[in-house]
Structures are given as C-alpha cells and as structure tokens.
Amino acid sequence: MTLSTSMQATTLSPRPKAGTMDRNIRILGAILAVASLFAIWTTLSITVRPWVPTPYDTVLAMGRHLTSQGFYANLFLTLGRIAAAFLAASVIGAALGIAIGMNRKVEAFFQPLLAMALAVPDPVFIIFAILALGTGEAAGFVALTLAVAPFVSNIVRSSVQARDKGLDEMTRIYRIPSDKAFWVSLVPQLVPALLTAARFSFALSWKLVVVVEAIGQPDGIGASIFHSFRLLRMRDVVAIAILFILLMQLLEKGVLGRLEKRLLRWRQ
Amino acid sequence: MTGTSDTVLKVEGLQVSYGSIPAISSLDFEIKRGEFVAILGPSGCGKSSMLNVISGLLPPTRGVVEVDSRPLYDAGRHAPKLGYVFQAHRLLPWRTVKQNLELVLAASDVPRDQWEDNIDRLLDILHIGQFKNSWPMQLSGGQRQRVSIARALLVEPSYILMDEPLSTLDEVTARSLRQELSGIWARTGATIVFVTHSIREAVYLADRIIILTRGPSTVFENYHVPIARPRAYDDPRIAEVEADIIRRVEHAWGLDPIKQSEVA
Amino acid sequence: MQKENNLIISICAVLMLLPIWWIAYRNTNFIADPFVVATALPHFLSQADTWSNIGITLYRVVLGLAGGVVLGTLAALAMNQNKLAEQVLSIYVTTALRTPSAIAAIMALAIFRGAEIGYIVVVMFITFPFMAVGLRDGLKSADKDLAEASQIYRLGSLRYIRHVLLPFIAPFIFSALRNAHALAWKVIVVAEIFGAARIGFGAQFDHAWEYMQMVEVHLWLLVFIAIVLFVEYGVLRVAERRVFRWRG
C-alpha cells in the first residue's frame, strides 16, 4: 500500500492568482460552501435529533470549551503526543526512505516489510503497543510512530530514486567527500519531498492520535471526545472535534507553510 | 611503455563492455599537456562509456587509463584533479555561483587564501563577474555554462573534459562562447578534451581531432588540424577541412541506408 | 542476476519475521505461539463464519470505495468545469480530508445508528477526497498538455475521450485509486471498532481482544494483511500493468 506523493496535492488548497474576478469567485464559493454545509448540518440535526446536535448548541459548547481549563489541559497533552510521534516518525521514516532509495539491496529488504506494515490496521498497532508497554505514554508514541513512519519512508524513497543522478556524477568527479555531497547535493534535492512528507506525517499523526487516545489513554482530546460520546453528549463530541481540527489546520498552515517558504527560497 | 612527462592522459588497449555487450572494443590515445583535443564520433559510438572511463567514474573492463602516469580509477586520496563541463550545467541550484565554486575548491588543493582571487579572476575572464552572488536559476543557459567552465578551470585540473557543452545553447550564444573558449584555452594553458558531434566545432577549436569508428569504437584516425590560430568560425579553410573529414569518415561511420542500397 | 539476488533478499526479510515472532512469543504473554497459530489456520479458514465476516467487511469496502470513486470523479469533473464549483467543492474536499476517521465513524454511528449503510458512508466520505484531488490534477494537466493536440487533429469528443483523454489521465486514476483503496481498508477497521459493528473484521478483532483470545487476534490479523496485500498487488497493480503494457 503506497499512499504516494500525489497526496501532497491534497494538502494544498488551490491558490488561484489574485484577480478581482478570482477573488469574488473565491469569496462567493466560500460563502456557498459554508452555507450549504450549514444547511446539511441543520437538516441532519432536525431529522436525526437528538443524535446530531444543532449548530447553535454546538457553537455554545465550543464557547464553553474554549473558556474551560480542562480543554486546554487535554489539548496540550495531545499536542505533546502529536509532536513526539510526528518528530519520531518523520526522522525514522526519512532516514529509512533515504537508505532504501540509495541502495537496491536495502530496498529489497525493507520494501516487503513496509508493505506489510502499511496493511496493518491502526487499532492493531495501538492494541499491541498497549499490551507490550502498558497504558502509559510510551504505547501511544510507539503505535503512532509505527503507523506513520512507513508513509514518510515511501514519500522520501520515491524522491531519492528520482534524484538528479547528474549531480551525483558531478560531486564524484570534483572529489567532494561523500558525507559532504550528501548534505550539499542530495538533501537539498529532497527538501520538497521532505516537506511533503512532514505535512503528511503531521496530518496523519493528529488524525490518528484521536484513535490512539480513544482506545488507550484516559486523557487528551481523543479521549475526551470518546468520553463525551459514551455519555451521549453529542454537542461536545462535535464541538471538541471542530475546535481540534481547526487548530491543527492553523498549526499546519502557520508552521509548516512558513518553513516551506524559507527552505525553498532559492526557487524564488 | 610509459608516457613521457608531458603526457597527461594515456589510454591504452581500453575495452569497456556491459555484460557481454561491448561498448568500446579497443581504444588507444594520448593527450599531451596543454593540448586542445576534440573527440569526434558518430552517435552510438560508446561516447558516454568513454567519458565515464576517462573521468574516473567507471573502471575499464580491460586496458589502461592513466593520468600523469597513475591509474585513474579508484585512485583514492592521490586521485588526479579533473575538470568536467557537462552538457547540462549541473550546478547546485540552491547555492549561489560563488558557493558552487567554493564547493569544488574545498575539495581541491588550492589554498584557501587564494580562493577569492582565483574566483574573481576566472569570473572576469568569463565575463560573469557581476553574477558572483546570483543563484543559477537567475542566469541564462549560456551564463550557467560559463560558470560551469569556471568551475572546471578553478580546481587546477590535470585536464578538462567537455561533453558537448554548447549543444544545448542557441547558435548565437554557442558561437560567442566557442570563440571565447579558444581564448581562455590560450590564456590559461589548460589541457582540454572536447567531445562533440559537430565536425565544424571540432575543426574550429582543436589542434587535433581523434575520430572514432561507430561502436564498439576504436580510434579511426588522429587528424591534425592544419590551420593556424587565431581562427575565424566562418573561415573557408575550416569548411574545407570539415569537408575533408566528412569524406574520410563517410565509410567508417556508415552511409545512410538509401546510399548503401545504391552502392549494392 | 541482480534481480534474483534482490528477490532472495526480499524473501529472507519476510522469513526473518518468523523467528522474530517466535522469540516474541517466548518473551511476552500476549504474542501467540506461531506453531499454534499455523495449526489453527486451516480450521479457521474452513469455517463459514470466518468468511462471512471477511465477506461483510469486503462488501463495505467495495461499496464504500465504489461510492468514493463515483463521488470523487463527479467532484473532479465539476471542479474542472467551473471555477465556482471548484471553490465550493474544494472546501468540501478539505473538510473530508481533515476529518479523523474515528470521528467520522462516531458521527456515522450517531446518524445511521448501526445500519449497514453507515459503514459504507464512512468509507465513501474518507476516500472520496483522494479520488477527487487525484483526478482533478490529472484533468488539469490534461487540459494544459492536450488542448492543442485535440484541436489540431479535430477529434470528435467521444473519440477524444476514449483515445486521448483517458490514456492521458489513466496514471492519475490509478494512483488515486491505489491511495483510496489503501485508505479504505484502514478506515473500515476503525469504523467497525468505533461504530460498534457486530460483524466484520474490526468487530471480530475487537471481540477477540476483549476476551484476550490471542490466537484469534493473530489469525484475523494474518488473514486481513493477506487480503489487503492480495487486492493491492494481485488485482490493482496487475490491472495497472495491463493497462500500461504499451510502456514496455
């Protein structure tokens, strides 16, 4: 199973050129989309009452959570888990992807194992990690890392294999030591793929952390969503979910977007 | 039989094959210090195999490739310094012109306190002094190739290999660069091995042209260009020599199919 | 020669898992004995119950994926036709992309209250944005690259679609389909566990785990991995290779 680099496009919203025509269409489109989503939601909240909360109730619940300490405590806990797994999966996946991309034998060894790892359902990783490590922080961290790293590895590998071999020849001919050539020639070529992988790794980490916390943690955003669900407080389920998703979206755009601009300056 | 001290590159009995497929069957030639030699071959003459071997990227299947009387391939720390101007510029696009040049200098024997002066001098010779701090993407194709030539000269190489460096440029740019190339060669005394498909280019630039046969290749002829320098690209004598070479190689390189049937 | 060596390495890598499994079994109390699992496998595979559970999960995946493909294709076509539609739909796509599958599963359970359609809708909802984005990118680059060719040769629109457009966007379709397929299997298990399904792979797995029937857990896991890998490498990639055989 290879969720390939074509997914990078899925993380980027279309950015049309700024003409007034285009801007009007964008604003109109956004209004239409939000209005229609709102209409669907309202309809559902009426037809499937009380299982789908009304938008009004949900907004009230969002306000309540935004002013409660418990929400922030859970949020920071979850953010910490995301950050740890995101970093570990990105570093391990990138290192593995580079090794696989550079060497056919390493590829032959790891590729079937990665294919199998990608076919394992995420809850299985979580449950086995809990069995092996108990219900502490380590289990969630290991499960998330195992679930995310193979995706990162696949994205980085295909970029390594598509590298400019001409630059490899150039560095060999000019006798540039291979460790230096790695940092000045190969790594910069991988930057776009590494950024894509980072975006992907981040998105996957925060989406999976909900599953991890729901199954194996007493606290965190995922646990509080699932806890509310058990008590059938659907407005809290939806409110926390929306707040969490929006925050993660902001984080991705803010941090990763800025990083991307900095690292790809030379492309102007 | 060792080459005399002014022999830079010695190729003897060179054979290159991939599995059982021969690319070069038997190649012998020598390049002397300060020579400008063109290597001319038909397409499919094993040109890239030869380039890979005489640049030290690929070991010879059989035979000797020596630079300054030492084997070239896998020479380790004592490996001779080479310059290479590729068909594409092969500059690192995320490094400025200066940073690209410093990269190869760091791997050369040139002492650090001379880097700045050497870079400035060569960029001036190549008329790209004002682009020292530009990124490669900001330059034109011809300017990038100038940087690439500067890079090759900077490392004070035993010789410089040029693999059709002008073939991707438009003819006007190629012409001016071609003209400058002979000037640069005269000023720096560099040893240049220039691989090309263009007979006229070879005649205009080189003292001597090594003509190869169609692959698996051998040397067909060592042709000395009998025209004094400086030369003009439109000089009728160049056209005459070009015609002479075409006459000689027509049989060796194979006629096109229609003519062959006429001969039969 | 090189290829054969690499194949041997690949086989060794997979076989290496067996001793690791055995060592893990000896040193933990939750990894089942590989020999016991191996001996239980024939019986497990001969039971109708096993296959009805696999069948129901497969049914959900296939229908959900089919729905996702249809929905995604329609969205991509609309996005390619009209700027306003593109703007509206891209917000829908982003919304779907940004919804964790566990939350989608909970909401489906709330809305459909355990009805079969709920699981199908979850798979559809999670996979459709991948189809939509992949296909839209294909259509976009087709517009750029093929516009002139179709004008010069004055092809009729049907023939244009059949002989020019489809071959051009086929790689995009396959890559999007592979992504959607991989995701569908990941999502269905989460949907079955969180959506309190009574049958299906996720339900069985959850059940076996709750009662600590570790041999069962291993059996289900093995069968699941085998099916996913079979569909990916035995069906999708084979079809892809057939379609692209002209590439040599």
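The values are calculated or read from the model by the stated rules, or taken from the named source; none is laboratory data. Keep in mind that what you see is a predicted model, and the values were worked out from it rather than measured. Cβ: placed from backbone, ideal geometry, glycine included. Neighbour counts: every protein chain shown. With ligands, DNA and RNA removed, areas are computed over all heavy atoms of the protein, side chains included. Shrake-Rupley method; radii C 1.70, N 1.55, O 1.52, S 1.80 Å.
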>> Condition first: within 11 Å of another protein chain (Cβ to nearest Cβ), open to solvent by less than 20 Å² (accessible area, probe 1.4 Å) and in contact (Cβ under 8 Å) with a residue 12 or more places away in the chain. Now tell me which residues in the range A:101-119 satisfy that.
In response: A:L114, A:A115, A:L118, A:A119
> Residue check: is B:S108 crowded, with 21+ Cβ neighbours inside 10 Å and not assigned by TED's automatic domain parsing to the domain that holds B:V53?
Replying inline: no
> Which numbered condition trips up A:A181, out of (1) open to solvent by 10 Å² or more (accessible area, probe 1.4 Å); (2) out of contact with any Asp or Glu (no Cβ under 9 Å at 6 or more places or on another chain); (3) under 30 Å from B:A75 (Cα atoms)?
Replying inline: (2)
>> Being open to solvent by 50 Å² or more (accessible area, probe 1.4 Å) and either in contact with a strand residue (DSSP E or B) (Cβ under 6 Å, 6 or more places away or on another chain) or in a helix (DSSP H, G or I) (or both) is the requirement here; does A:L79 meet it?
In response: no
> What number of residues within the range B:26-76 are charged (D, E, K, R) and either within 20 Å of B:W185 (Cα to Cα) or assigned to a loop (DSSP other than H, G, I, E, B) (or both)?
Replying inline: 6
> Looking at C:E192, C:E232, which one is facing chain A (nearest Cβ under 9 Å) and either assigned to a helix (DSSP H, G or I) or not aliphatic (A, V, I, L, M) (or both)?
Replying inline: C:E232
>> Can you name every one of the strands (runs of 3 or more DSSP E) wholly within the range B:138-230 that holds 1 or more residues which are assigned by TED's automatic domain parsing to the domain that holds B:E12 and open to solvent by 10 Å² or more (accessible area, probe 1.4 Å)?
In response: B:159-163, B:208-212, B:217-224
> How about the range B:74-92: which of its residues are at the interface with chain A (Cβ under 9 Å from one of its Cβ atoms), open to solvent by 20 Å² or more (accessible area, probe 1.4 Å) and without any contact (Cβ under 8 Å) to a residue 60 or more places away in the chain?
Replying inline: B:R90
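Results for (1) of a type outside the set (F, W, Y); (2) under 24 Å from A:G166 (Cβ atoms); (3) touching a strand residue (DSSP E or B) at 6+ places or on another chain (Cβ under 6 Å), shown as yes or no for each residue.
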| residue | (1), (2), (3) |
| --- | --- |
| B:V16 | yes, yes, yes |
| B:S20 | yes, no, no |
| B:I24 | yes, yes, yes |
| B:F29 | no, no, yes |
| B:E35 | yes, no, no |
| B:S43 | yes, yes, no |
| B:N52 | yes, yes, no |
>> Filter the range A:160-170 down to the residues that are assigned to a helix (DSSP H, G or I), touching a helix residue (DSSP H, G or I) at 6+ places or on another chain (Cβ under 6 Å) and open to solvent by 10 Å² or more (accessible area, probe 1.4 Å) and list them by number.
In response: A:Q161
>> Consider the range A:150-159. How many of its residues are open to solvent by less than 30 Å² (accessible area, probe 1.4 Å) and away from chain C (no Cβ under 14 Å)?
In response: 4
> What are the residues in the range B:100-111 that are out of contact with any Leu (no Cβ under 8 Å at 6 or more places or on another chain) and more than 9 Å from chain A (Cβ to nearest Cβ), if any?
Replying inline: B:E102, B:D109, B:P111
>> If I filter the range A:49-58 down to residues being touching a residue at least 24 places away in the same chain (Cβ under 8 Å) and part of a helix (DSSP H, G or I), which single residue comes out as surrounded by the most Cβ atoms within 10 Å (Cβ to Cβ)?
In response: A:T58
>> Need pairs with beta-carbon distance below 7 Å; first residue farther than 13 Å from C:A132 by Cβ and within 9 Å of another protein chain (Cβ to nearest Cβ) and within the range C:77-93, second open to solvent by less than 40 Å² (accessible area, probe 1.4 Å) and part of a helix (DSSP H, G or I); sequence gap 6+ or separate chains.
In response: C:K83/A:I25; C:L84/A:I25; C:L84/A:G29; C:Q87/A:I25; C:Q87/A:G29; C:Q87/A:A30
> Has the range C:77-84 got at least one residue that is closer than 17 Å to A:L37 by Cβ, out of contact with any Pro (no Cβ under 6 Å at 6 or more places or on another chain) and open to solvent by 10 Å² or more (accessible area, probe 1.4 Å)?
Replying inline: yes
> For the range A:191-268, which fully contained helices (runs of 4 or more DSSP H) count at least 2 residues that are within 12 Å of chain C (Cβ to nearest Cβ) and touching a residue at least 24 places away in the same chain (Cβ under 8 Å)?
Replying inline: A:221-230, A:234-251
>> Quick check on my filter: what residues within the range A:129-149 are open to solvent by 10 Å² or more (accessible area, probe 1.4 Å), assigned to a helix (DSSP H, G or I) and of a type outside the set (G, A, S)?
In response: A:I130, A:L131, A:L133, A:E137, A:F141, A:V142, A:T145, A:L146
> Mind checking whether some residue in the range B:118-126 is over 26 Å from A:L190 (Cα atoms), under 18 Å from the mean Cα position of the chain (by Cα), in contact (Cβ under 8 Å) with a residue 40 or more places away in the chain and surrounded by fewer than 23 Cβ atoms within 10 Å (Cβ to Cβ)?
Replying inline: yes
